[in-house]
Every structure is written in C-alpha cells, then in structure tokens.
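This report concerns only the one structure given below.
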Amino acid sequence: MNRADTPGNRILLHLDGQPVEVHFVSHPRARFYRITFRRDGSFRCTIPSRGNRAGAEEFVRRQAVWIRGRIAARANRPSTPRQWALGTAVWLHGQALDVVHAQDGPFLEVGPLRIPQPAPGESDLRPRIERRLRALATQELPARTLELAALHGFQVRSIQVRDQRSRWGSCSARKVISLNWRLVQFPPEIADYVILHELAHLRHLNHSAAFWAEVARLYPDYEAAEKWLKTHGERHL
C-alpha cells in the first residue's frame, strides 16, 4: 500500500491500485490500535493513548488482507433498498419478513410487529419501521443482557441501546455496555454472542489472549459467530 497525501486525519491509501480511505481517530482510553469498516466503505483506525500516527499507519498496512476482504465482501453483497415499501423484506430475529398490510386494521405488519399505517404521501416506510424495531430492541436487548450477565456472574452498571454505525457493541471502563439496536435483526444466537463478547470486556477491557479465552469459555463457537458478523452483518446497516 502506498500513501497519497491528503489533509487532516484522513488519508488515501492505495492497495493493489485501489484507493482506500482511512480516518485516524485518537482515543485516550484505547489500549490497542483498532481498525473498523464504516458504512460508507471507508475505514476507521483508532489510535491508543500511547500510540502515534506513524504506528497507526503501519498497523493499517499490516491489515491489508483483511481490508481486501472487507472491500470484496461489500462489493459482492446483495444491495439493500435504501427505501422500504410494501413487500420489502425486513430482517427480524434472523428471518427476512415481508412488509404487508394487516388484515384486521389500519396497520402494517412485519412478522409479529404492527406498525401504524403511513400518512398520505409517505412513500418510504423505512424510518417508521426502524423506529418500531428500535423500540423492540430497547425492550429485548437490555433484558437479555441482564439474563446472560446473571447466568455468568457479571455485574453491569447500565445498558444502552444505541444507533451505532461502525460497531455492534461496546463496553466502557465504567461497566456501561452499549448495544446496536440492529442486533434485534440478527439470529438470536448471534445477538447473544455480541452481548457475551461485551460482557467479557468487563473482565478484560482489551482484546488480549486472556480476553479471547474468556470469550471462548462463554461462547465456545465464537469463531463461527465472528465469521457470521463479517459475512452478513453489513446487510443490516
């Protein structure tokens, strides 16, 4: 990868002749370099408190194979319509369910979910349906997190359900777990994996060998879950 000069915290790298946009962000509580794939097709590199820009760029270069894979997966995945209408397939608990008219009242239905009919002239149903999905996530995800925490002996200070664009969950040093509302669209076992992954951070606030050993204890098939997230996760963004 060769670097092309661009201003600020954004640089353009060239990988096999293909430009790759990378945004560098310093984080005072981060302990390791971290790279994530963003919804717009660019990448975000987190620089830890003891890191620097040169180290971050070298870290990104070492992730060339992973970066190629993310770009290829994005290019090959089926496109999701930006606007939703009647008949659009919406994911819920791992199932693709069509948006249909309810037979018993002025509602739309997505599986078991009922959504008020759109106003006249409202052609895009996505905002209305996503609000309902997020409300469901606010009910289900904290309850499931507390259930899994009690099962495995964790204490959580609080749980937030958020509209996150570059990650499925996070855990702070204050024992606050944040979860992406879109987890409600995942198969339940994958949502459980994300929750358990964040619970493991309560004991290891890093991605060390000890952390992954804890993840393996909590979710022995974690590698398959990680593969599912990398292969299918983006279709829910």
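The values are calculated or read from the model by the stated rules, or taken from the named source; none is laboratory data. In this text the structure is predicted, and so the values were computed from the model without any measurement. Note: ideal-geometry Cβ built from the backbone for every residue, glycine included; neighbour counts use all protein chains shown.
Per the conditions (1) within 30 Å of GLU214 (Cα to Cα); (2) among the hydroxyl-bearing types (Ser, Thr, Tyr); (3) outside the structural domain of PHE211 (by TED's automatic domain parsing), the sole criterion not satisfied by SER123 is (1).
Here the condition is being at pLDDT 95 or above, within 23 Å of ARG34 (Cβ to Cβ) and not in a loop (DSSP other than H, G, I, E, B); of GLU147, GLU234, GLU198, GLU223, it holds for GLU198 alone.
Taken over the range 173-190, residues that are assigned to a helix (DSSP H, G or I) and surrounded by fewer than 15 Cβ atoms within 10 Å (Cβ to Cβ) amount to 2. Among the residues of the range 51-74, the ones that are part of a loop (DSSP other than H, G, I, E, B) and at pLDDT 90 or above come to 2 in all.
Here is a yes/no grid of residues against (1) part of a strand (DSSP E or B); (2) free of Cβ contacts under 8 Å to residues at least 12 places away in the same chain; (3) touching a Leu at 6+ places or on another chain (Cβ under 7 Å); (4) surrounded by 17 or more Cβ atoms within 10 Å (Cβ to Cβ):
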{"residue": "GLY87", "(1), (2), (3), (4)": "no, no, no, no"}
{"residue": "VAL90", "(1), (2), (3), (4)": "yes, no, yes, yes"}
{"residue": "PRO120", "(1), (2), (3), (4)": "no, yes, no, no"}
{"residue": "ASP124", "(1), (2), (3), (4)": "no, no, no, no"}
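In this structure, SER170 qualifies as surrounded by fewer than 19 Cβ atoms within 10 Å (Cβ to Cβ) and in contact with a strand residue (DSSP E or B) (Cβ under 8 Å, 6 or more places away or on another chain).
I'd like to check something: does the range 205-223 contain any residue that is of a type in the set (Gly, Ala, Ser), more than 21 Å from GLY94 (Cα to Cα) and surrounded by 14 or more Cβ atoms within 10 Å (Cβ to Cβ)? Write out each step before concluding.
Filtering the range 205-223 for residues of a type in the set (Gly, Ala, Ser) gives 208-210, 213, 216.
When the remaining residues are screened for being more than 21 Å from GLY94 (Cα to Cα), the result is 208-210, 213, 216.
Then keep just the ones that are surrounded by 14 or more Cβ atoms within 10 Å (Cβ to Cβ); that gives none.
Scanning the range 205-223 turns up no residue that is of a type in the set (Gly, Ala, Ser), more than 21 Å from GLY94 (Cα to Cα) and surrounded by 14 or more Cβ atoms within 10 Å (Cβ to Cβ).
Reported count of residues in the range 178-237, each being under 11 Å from the mean Cα position of the chain (by Cα) and not polar (S, T, N, Q), is 15. Within the range 164-185, the set of residues being at pLDDT below 95 and hydrophobic (A, V, I, L, M, F, W, C) comprises TRP168, CYS171, ALA173, VAL176.
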